[in-house]
Amino acid sequence: MAEGLFIRVTHLGASDGSLLISDVNDATDGPIHENSKAGAVYVPESGTSDLVYTADVARSFESGVIRSAITEGLVAATFERGDSVGQTLSVVMADTDTIAIGALGKLVGASIVTSGASDAAATMTIQNSDGDDMVTAADGAAVTGLGALTLSEDAAALEADDVLTCAWSDNGGGQGCTLQLTFAG
Amino acid sequence: MAEGLFIRVSNAAADTTPSVLLDDCYLATDGPAHGLTRSGALYVPGGGSVDVAYTGDVARSFETGCLRGMIDTGTLTAEFLRGDAAGETIAVVVDHGTAQVAAALGKIVSVKIISSGALNDPATINVEGATAGGVLDGNVAADVAALDGLSDLTLADEAAEVAADEVLTITLVSAAAIQRATVQLTFAGADA
């Protein structure tokens, strides 16, 4: 699990064995003291490596070894956000609304915001395409202002482009809300 | 074209004026230890701009170093931008018969439509920029008849011409069945 920004490099299987990313150092203090570790980053066959978005990784991703490996079809690489730097989508929902959202990655935060009190029996359900609940539905009850929703364990297994179906009910009270979902890589 | 995070540094002076040196940024791939001879290799040409990856030395220069000094004295301007792989996404819920608008955050690199049930057959979705025009394939509305779930729409070349703050109009036609969809637009920094 990463916290900050990182690059996920995936071996595409077009070559045998691990792939060496020769212009990236995994030492925390960079090349001055860690010359002996230069080239210590490998991408295992049939596997992935998550590389913290540091200077050498950024340069490699833009125009170095990682970029060359992408161009040659050896690896795929994606820019990802860790749990501390997730990306949030917000949608406005009226009472009884159902909307769909395409996940940007795993779900790390969910909250509703109301301009008035929601009903004591109000519910917000968020389900993935398999029908698994991402949050505890009862958390939508009696919220005034900001209410954080409790994530289920399935939220961490959510993948990008999975379809989330979000349904808000104020139990006939007519209160709308803003749903804010935060995703990470 | 940048992929990750980057800083675009621009020099508004006439192109006949000398380039501006940023003496605390390194272009060498191995950083200051081996890149000392390349220290100061980063120049911003008069009347031009350079895109530099958001690395440690560039970040420090942007916050409190040479680059910040140049910005404060009015010599250069700089903006923090996201490359194509690090775009920023917004979600817009659109109903049949009611167009929605959104302000672009940069060029468009992805448009996805998501429905919670099957849309009507026929059904279409369109995204148009006030200046760029239609940004979907063929510059026309995309066919999303009976879509149930998520579709990643093909973009026209004009999507890359959308500029930040350009007004986008999003229109869904689905006259029966599910009449609502969510459109997720991902933006990145426009090409220099």
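The spread of Cα positions in the stretch A:84-185, taken along each principal axis and listed from longest to shortest, comes to 36, 27, 20 Å. Under 5 Å between amide hydrogens, built in the peptide plane, is the criterion, and for B:Val20 it picks out B:Val44, B:Gly46 among residues at least 5 positions away or on other chains. Given H placed on each backbone N at 1.01 Å, which residues far from B:Val109 in sequence or on other chains put an amide H within less than 5 Å of it? The answer is B:Thr186, B:Phe187, B:Ala188. Note on the stretch B:107-160: Cα Rg divided by 2.2 N^0.38 Å, N the number of residues, gives 1.13. Where does the charge balance sit around B:Glu166 when Lys and Arg score +1, Asp and Glu -1, over other residues with C-beta under 12 Å from its C-beta? Charge balance in the 12 Å sphere: -3.
Sum up the charges of everything whose Cβ sits under 9 Å from the Cβ of A:Gly176, counting Lys and Arg as +1 and Asp and Glu as -1, but leave A:Gly176 out. Show your work: numbers first, answer last.
Values: positive: none; negative: A:Asp95, A:Asp97, A:Asp170.
Once all neighbours under 9 Å are counted, the net charge is -3.
Listed from fewest to most Cβ neighbours within 10 Å, the set A:Leu151, B:Leu22 follows the order A:Leu151, B:Leu22. Placing a pseudo-label 7 Å from each Cα along the Cα-to-Cβ vector at B:Thr98 and B:Phe80 gives an inter-label distance of 3.5 nm.
What number results when the radius of gyration of chain B, computed over Cα atoms, is divided by 2.2 N^0.38 Å? All intermediate terms of the calculation are to be shown ahead of the outcome.
Numbers: Rg = 21.2 Å, N = 192, 2.2 N^0.38 = 16.2 Å.
That works out to 1.31 for chain B.
What the Kirkwood sum gives for the stretch B:87-188 is a hydrodynamic radius of 13.1 Å, with every pair of different alpha carbons counted. Take each residue in A:52-65, count the other chain C-beta atoms within 10 Å of its C-beta, and the mean is 6.
For the stretch A:43-136, relative contact order (Cα pairs under 8 Å, six or more residues apart, normalised by length) works out to 10 percent. Given in Å, the Rg to one decimal and the Dmax to the nearest whole number for the Cα atoms of the protein assembly as shown are 23.3, 71. Taking amide H as placed 1.01 Å from N in the peptide plane, A:Leu5 has its amide H under 5 Å from the amide H of A:Tyr53, A:Gly82, each at least 5 places away in sequence or on another chain.
For the pair B:Thr131 and B:Ala14, label points projected 7 Å from Cα toward Cβ lie 2.6 nm apart.
Rounded to the nearest Hz, the phi-derived 3J(HN,Hα) couplings of the stretch B:141-158 under the Karplus curve 6.51 cos²θ - 1.76 cosθ + 1.60 (θ = phi - 60°) are 5, 8, 7, 10, 4, 6, 4, 9, x, 10, 9, 8, 7, 7, 9, 8, 4, 5, where x marks glycine and proline. Inter-chain Cβ neighbour count for B:2-10, averaged per residue, equals 4 (cutoff 10 Å, partner chain atoms only).
Laboratory data are not the source of any read-out in this text; all were calculated from the coordinates shown. Predicted, not measured: the structure shown is a model, and the values here were computed from it. Here Cβ is always computed from backbone atoms with ideal geometry, including for glycine, and neighbour counts include all displayed protein chains.
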